[in-house]
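Contents: one structure, followed by commentary.
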Amino acid sequence: MHAVEWVVVALVGALLLVEFALRAIASRLRPLTTWGSWEVHNKLVAAQKLAKEGGASIVVIGTSAVNACVDPGLLGKLSKRGRPAFNAALNGSSPQQLEQWTLRVILPLLKPDVVVYGLDSSQVNEGNVLARRNDALMRGSQGWGEHTGRGRLLDRFVWWASNHSYLVRYRRFLFRRALFQQDRLQRATSCRALGLLRWAMVFRYRGYTIKTRQMRAWKEALNEYAIGSEWVAAIGRIVDGLKAAGVTPIIAPIPYTDDWIPFHPRGAEDLESWKRAIREVASEHGSAFVDLRDRFSVAEHFADPVHSNGEGQTRFTTLIADEIAALASPAAR
């Protein structure tokens, strides 16, 4: 054989050797998700399991604030609707991400009667760097591409190859220590059967505090605060999509403390703009609007300016259950 042919044979042999080696130690390799984030992956697994048991009567969506303030187990018990409730909130999400996640994944799976959209002020900020990054992460993932049937020809080939080859699947971790290290976010974002995040449990017993790490995330979420028309429009499309499916939508701004106000560039003015924008979209698209902030206090109900503690979670869940009972009747399915 010519030298070039020997090189090709050697290269193929080396690749096959690595492939077989990875297969031999498969049980020691770090678990991977095709959905871009472990939170989306774990919430989806929980939703798929619940779908097999009949779905959910009530679904809540939103950001980390909703993960912290809604106990789906308690909400299901209080609502007495026959089927449980499910917390489908995604940390640091945008309305655009929640539009796709809710209408194309959660709604077909769980077939709820009611969807409560809990919004914090970051949800309409077009400068929200954190939300844009998380949205791109999910939509650019293999899981999303396979779920929607979208993707370039090259992408589809890579996805196919990663499903059949350990070498392709672990290509980004080869010859690195991370190949054998579990992703810490896999455990932190594991969730119970009804979508309650393990990560959100830290707020239950924590005293009221403002941590530096959270401040950095809030700075990204509230970056150059401005009401984005595309962000507000996505909220309207969520409401329209739910109503078209026979689901009762409820928009509920998430309670916060006064310490949340200074994180916005223009303070209270930005929060008034946020509240006005979501109230208007609720009115224009025919959704109930439930504002519970006046029924919360700093010392008793919050772990930080925008995340409820255990007492606040119980209070918000109980109050929203009362509002659902008053506003929505079970849809016939």
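What's the local net charge at Ser94, with K and R +1, D and E -1, over the other residues with C-beta under 13 Å away?
After counting each charged neighbour, the total is -2.
Just for the chain, what percent of DSSP beta bridges are antiparallel, to the closest 5?
In the chain, DSSP labels about 15 percent of beta bridges as antiparallel.
What per residue convex hull volume, in Å³, do the alpha-carbon atoms of region 1-108 yield?
In region 1-108, the Cα hull volume divided by residue count equals 177 Å³.
Whenever you get a sec, compute what percent of the accessible area on the chain sits on carbon and sulfur atoms (1.4 Å probe).
Reported share for carbon and sulfur atoms: 56 percent.
Using the alpha carbon gyration tensor of the chain, what are the three equivalent-ellipsoid semi-axes (square root of 5 times each eigenvalue), largest first, in whole Å?
So the three semi-axes of the chain are 40, 22, 20 Å.
Counting heavy atoms of the protein chains only and a 1.4 Å probe, report the per residue accessible area for the chain as a whole number of Å².
49
Run the reach check for Lys52 against lysines, Cα to Cα strictly under 30 Å, same-chain hits fewer than 8 apart removed. What comes back?
Excluding near neighbours in sequence, the set is Lys43, Lys77, Lys80, Lys111, Lys243.
Distance from the Cα centre of region 198-246 to that of region 12-90, in angstrom?
Computed from Cα coordinates, the inter-centre distance equals 19 Å.
Per-residue counts of other Cβ atoms within 10 Å, averaged by peptide: what ranking do you get for 136-146, 259-269, 90-100, 13-23, highest first?
Per-residue mean Cβ counts within 10 Å order the peptides as 90-100, 136-146, 259-269, 13-23.
In terms of modelled amide H atoms, which long-range or inter-chain residues lie less than 5 Å from the amide H of Ser308?
Hits under the 5 Å cutoff: Cys69, Ala303.
Under the 0.36 nm per residue contour assumption, what length would be gained going from the current alpha-carbon distance of Asp259 and Ala233 to full extension?
Full extension from Asp259 to Ala233 adds 6.5 nm.
Per DSSP H run of at least 4 residues, take -39500 (n - 2.57); add these up for the chain, divide by its residues and hand me the 222 nm value, nearest 500 deg cm²/dmol.
Dividing the helical sum by the residues of the chain leaves -15000 deg cm²/dmol.
All other residues with a Cβ under 10 Å from the Cβ of Leu32 taken together, and with Lys, Arg as +1 and Asp, Glu as -1, what is their net charge?
Cβ neighbours under 10 Å give a net charge of +2.
The values are calculated or read from the model by the stated rules, or taken from the named source; none is laboratory data. What you see is a predicted model; the values in this text were computed from it and never measured. Don't worry about glycine lacking a Cβ; one is built from the backbone with ideal geometry, like all the others, and counts go over all protein chains shown. To get the accessible areas, we keep the full protein, side chains included, count just its heavy atoms, and leave off ligands, DNA and RNA. Shrake-Rupley method; radii C 1.70, N 1.55, O 1.52, S 1.80 Å.
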